[in-house]
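The values are calculated or read from the model by the stated rules, or taken from the named source; none is laboratory data. Just so we're clear, the structure is a prediction, and the values are computed from it rather than from any experiment. Here the Cβ positions follow ideal geometry from the backbone for every residue, glycine too, while neighbour counts run over all protein chains shown.
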Amino acid sequence: MILRLFFCLLLVLQAHAGDFRVGAARVDITPKDGTPLGGFYKFRGSEGVLDPLYAKTLVFEKDGVHAAIVVLDLSGTVRPLVAESRKAIQEQCGIEGDHVMISGTHTHSGPQQPRGSLMDDITKVNSPPGVAYISALPGLIAQSVKEAKAKLTAARASVAMGKAEGISFNRRVLREGVKEAIWQPQKLNQATDKPAGPIDPDVGVVAFHGAGADAAPLGALLNFAMHPTSVGAGTKISADYPGVFTKLVSERHGPGMISVFANGCCGNINHGDYINGKRRSTLELGTALADATDAAWPGLKTVATFAPRVRSELVTLQRRSFTPEQIAKAKDMAANMLTKNYGTVPMAETVCILETVEKQSVPLLAEVQVIALSDELAIVALPGEIFVELGLALKKASPFKNTIIAELANGSVGYVPNRESYPQGNYEIVSARGEVGSGERLVEVALRLLGEVKK
Ligand SMILES: [Zn+2]
C-alpha cells in the first residue's frame with residue numbers, strides 16, 4: 001500500500017518535472033461603506049466605490065517548489081496581516097510562509113490597517129467596521145493564492161523594461177539658500193529650485209504566457225515607482241492609477257490575464273508635476289503607464305526559468321532617538337491631535353516620536369525577501385516606503401539583469417530615506433522609524449541574498 005502511494009506520488013511529480021508553471025487569480029477585497037481609510041492623517045469612513053480593490057496573486061511552481069506574489073490594493077502591509085495570511089496560505093495551499101510575498105500598491109483610497117500607534121486613534125481603524133475588514137483579509141488573501149495555485153499551468157516568462165518619462169517627480173526639492181528640503185511644491189522656481197534626487201522611469205514588465213507558441217498571456221507582473229495619491233483625500237474607494245494601469249494592460253494584451261502591479265521604490269516620488277504645475281488625473285497616469293507597457297511589449301524576451309529560489313531574512317534596524325524636548329512637545333500635541341488638524345508634517349513627526357518612545361524595547365524588524373525565477377530575473381521585497389535612490393542603487397548593483405523591487409512588502413517600517421536625505425529633513429525624514437543608514441543596510445542584505453540565489 002505504502003509502496004503504491006509512493007509510486008503514485010512519483011508519477012505526479014514526474015508529470016510536472018521540468019515544467020515551469022504559473023497560476024494567476026484575483027479576489028475582490030473592496031470594503032463595505034463606513035470602513036476607515038488610510039493614507040492621510042485623519043479619519044475618513046469610506047462612502048462609495050470608484051473602482052474595486054483586489055488581492056492579486058501569481059503562483060510559480062517548478063519541481064514541486066512554489067513561490068507566490070500577492071499584491072493588495074491597499075496602502076501597505078503590516079506584519080500581523082502578513083503573518084496571519086502566510087499561516088492561512090500554508091494551511092490551505094501548502095506553500096511555505098517565507099515563499100510568499102505580500103505587498104500593498106500604496107493606494108491612498110483604500111482601508112487603513114492597524115499600526116499600533118496614535119495613527120490607529122486618528123484613523124479609527126480599531127472601530128467595528130475597521131476590525132471587521134482587517135479580520136476578513138487573511139482569508140481573502142489565502143483564497144486568491146488557492147485559486148491561483150489551482151490554475152497552475154505550464155508557462156514561459158518573458159521580460160521587457162519600458163520607460164515612462166515625465167509623469168513621476170522627486171517630491172523633495174532643494175532651494176538655494178534653504179537648508180531644509182521643500183516637500184511637494186506646486187511649481188518649481190527654475191532659477192532657485194532643483195529636485196533633491198532622481199526618479200526611476202523604468203516600467204518593469206514580466207509576462208507569463210501559456211507554453212504553446214501562440215498561447216495567450218495568463219498573467220503579468222508590472223512595476224513602476226510612484227505614489228498612488230492621484231484620487232486625493234476623498235471618501236470613495238479606489239485602487240488609484242495602478243487600477244487603471246492593470247485594467248488597461250489586461251484589456252490590451254489578453255482579456256483573461258491577471259495584471260499585478262507591484263510599486264517600486266517611491267518613498268520620495270509622486271505625480272505632482274512641478275515643471276508645469278499640473279496634476280495628472282488617475283486615468284492619465286494609468287494610461288501613460290499602459291502606453292509605456294505597450295511600447296515595451298514587442299521587446300519581451302523569454303528567460304530560462306528555474307524552480308523558484310527564495311531567501312528571506314529578518315533584519316533588526318536601529319530606531320531613531322529623540323531629545324526630551326522633542327518627546328515633551330510630541331506629548332503635548334498628541335493630547336489635542338484627535339480633534340485638531342496640525343498639518344501632515346507635525347502630525348507625522350508626533351506619531352513617529354511617540355511610537356518610537358513606546359516601542360523603544362521592541363526590535364524594529366524588517367524582512368528582506370528575494371525570489372529568483374531565472375538567472376535573468378529576480379524580485380526583491382522591501383518592507384517600507386523606500387527612497388528611489390536606494391532602489392536605483394539596488395537595481396544597479398544586482399547580479400540579475402532584471403530586478404523588480406516591490407516596496408511596502410511583508411510589513412512596513414515606514415519611510416526609508418537614503419543616508420544623504422536625513423540632514424535635509426521634512427516629511428519623510430521626520431516620520432522615518434529607522435536611524436540613518438537603515439536603507440543602505442536593507443540594500444546590502446538584499447544584494448547578499450540576490451548573490452546567494454544567483455549561484
Ligand atoms: Zn507614502
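Annotations
- Considering the stretch 70-90, the residues that are of a type in the set (G, A, S) and not in a helix (DSSP H, G or I) include one that is farthest from the chain's Cα centre (by Cα), namely S75.
- Checklist (1) away from the ligand (no atom under 16 Å from the Cβ); (2) in contact (Cβ under 8 Å) with a residue 12 or more places away in the chain applied to P255, failing item: (2)
- Spans of helices (runs of 4 or more DSSP H) in the stretch 340-455 with at least 1 residues within 15 Å of the ligand (Cβ to nearest atom) and touching a Cys at 6+ places or on another chain (Cβ under 6 Å): 388-397
- Hey, E349 outside the structural domain of A409 (by TED's automatic domain parsing) and of a type in the set (D, E, K, R) or not: yes
- Selected residue [more than 30 Å from K151 (Cα to Cα) and either within 16 Å of the ligand (Cβ to nearest atom) or in the same structural domain as C265 (by TED's automatic domain parsing) (or both)] from I89, I122, I29: I122
- Any chance T77 is β-branched (V, I, T) and either in contact with a Ser or Thr (Cβ under 7 Å, 6 or more places away or on another chain) or modelled with pLDDT under 95 (or both): yes
- Test: S238 is surrounded by fewer than 22 Cβ atoms within 10 Å (Cβ to Cβ) and assigned by TED's automatic domain parsing to the domain that holds S103: no
- Boolean, H227 is within 16 Å of the ligand (Cβ to nearest atom) and either outside any loop (DSSP other than H, G, I, E, B) or at pLDDT 95 or above (or both): yes
- Any hit, the stretch 45-63, residues being basic (K, R), modelled with pLDDT of 95 or more and within 28 Å of V351 (Cα to Cα): no
- Flag if E428 is outside the structural domain of V443 (by TED's automatic domain parsing) and buried (at least 24 other Cβ atoms within 10 Å of the Cβ): yes
- Failed item, numbered, when V315 is tested on (1) assigned to a helix (DSSP H, G or I); (2) of a type in the set (A, V, I, L, M); (3) touching a residue at least 12 places away in the same chain (Cβ under 8 Å); (4) not assigned by TED's automatic domain parsing to the domain that holds E165: (1)
- Enumeration of residues in the stretch 235-280 that are among the polar types (S, T, N, Q) and in contact with a Phe, Trp or Tyr (Cβ under 9 Å, 6 or more places away or on another chain): T246, S259, N263, N268, N270
- Boolean, V131 is assigned to a helix (DSSP H, G or I), touching a residue at least 60 places away in the same chain (Cβ under 8 Å) and away from the ligand (no atom under 16 Å from the Cβ): no
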